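Participant: Below you will find the structure I want to go over with you.
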Amino acid sequence: MNPYIKRKVLKKHGTSFEDIEDYIAVEKKLRVSVNGKEVISLYCTPSMIRELVVGLFLTEGIIRGELCADKMSIEYGDEIMVDIPADGDILTEGRVITSGCMGGVTFTPLEKNFLTGFTKERDFKKVTDGFSIDSGTLKTIFKEFQQRSELFRLTGCVHSAALSDGKDILAFAEDIGRHNAVDKVIGYALLGNIAFREKLMFVSGRLSSEVVSKCCRWGIPVVASRTAPTSLAIEIAEVCGITLVGFIRGDRLNVYTNTQRIIQ
């Protein structure tokens, strides 16, 4: 499905008006079911849906164990309908989904410890690696990341995210939701067996606690953006051992946590 449409709009130039055709980002409701029983719904850009579902379900702990992405059905219409076949009972209210192919699946309400931003259901390990990157290389790759945002250039209406190994961009995604873009990138990496160790996650929007928590879940050591982090995002990054980089613009950048990974 095309992630944008064309629409006639009235544009003002100085004191004159002109009818033009403009690009509009498509927003669709996504409903995800297991054995036909709805588990979750959200709004998204209708691209990389398989990657979005895989990234969201595994990162948020909705599915624990193997997810059979090859058996996932996706139907595009007024809404996007995704169904994941599974053997076993589904309790959307009662927390637990059991299945054969997907293994033990648990869907629990998030109980956040706001000191760390984690949930009681998750066991995040602190990132302790020797990965480092010089600031010049970081800025060069981040510039390439920004130049890939074709849908944003067309519509001015989406966020983007990317995974890099410090040399190349390995995964890239755009979405109306910044969390969705990160989930798509994570899902792409999981489906492609791309390891998260010694990688960088680039995001176009602010570094929120949710975005940093997602990266912490997979042990991504560096998270970077052209905008700023929140206070809770910084606290989570400190606890997780993640290097948080913000305000990458021109020759400047700010390193907020675990500064040893950024070589001057």
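Participant: Scan segment 40-52 for residues that are at pLDDT below 95 and crowded, with 21+ Cβ neighbours inside 10 Å and jot them down.
Facilitator: none
Participant: Out of (1) at pLDDT 95 or above; (2) in a loop (DSSP other than H, G, I, E, B), what's the single condition that is false for Ser160?
Facilitator: With (1) at pLDDT 95 or above; (2) in a loop (DSSP other than H, G, I, E, B) applied to Ser160, the lone miss is (2).
Participant: Consider Gly136 against the criteria (1) touching a Gly at 6+ places or on another chain (Cβ under 7 Å); (2) more than 22 Å from Cys44 (Cβ to Cβ); (3) part of a helix (DSSP H, G or I): it satisfies all of them except one. Which criterion is unmet?
Facilitator: Unmet condition: (1).
Participant: Evaluate segment 8-19: report whether one residue or more is surrounded by 14 or more Cβ atoms within 10 Å (Cβ to Cβ) and of a type outside the set (A, V, I, L, M).
Facilitator: The answer is no, given that none of the residues of segment 8-19 is surrounded by 14 or more Cβ atoms within 10 Å (Cβ to Cβ) and of a type outside the set (A, V, I, L, M).
Participant: Checking the structure you have, find out if any residue of segment 97-110 is among the aromatic types (Phe, Trp, Tyr), in contact with a Lys or Arg (Cβ under 8 Å, 6 or more places away or on another chain) and at pLDDT below 95.
Facilitator: Yes, that holds for at least one residue.
Participant: Leu191 versus (1) crowded, with 24+ Cβ neighbours inside 10 Å; (2) of a type in the set (A, V, I, L, M); (3) touching a helix residue (DSSP H, G or I) at 6+ places or on another chain (Cβ under 7 Å): which is the lone unmet condition?
Facilitator: Every condition holds for Leu191 apart from (1).
Participant: Further question: Right, Ile176: of a type in the set (A, V, I, L, M), under 16 Å from the mean Cα position of the chain (by Cα) and either closer than 21 Å to Leu253 by Cα or buried (at least 23 other Cβ atoms within 10 Å of the Cβ) (or both) or not?
Facilitator: no
Participant: Next question, about the same structure. Within segment 23-77, count every residue that is β-branched (Val, Ile, Thr), assigned to a strand (DSSP E or B) and under 18 Å from the mean Cα position of the chain (by Cα).
Facilitator: 2
Participant: Follow-up question, since we're still on this one. Kindly provide the set of residues from segment 1-22 that are closer than 22 Å to Val182 by Cα and in a strand (DSSP E or B), ordered by number.
Facilitator: The answer is Tyr4, and nothing else.
The values are calculated or read from the model by the stated rules, or taken from the named source; none is laboratory data. Quick caveat, the model's predicted, so the values are computed rather than measured. Using ideal geometry, Cβ is built from the backbone for each residue, glycine included, and neighbour counts are taken over all protein chains shown.
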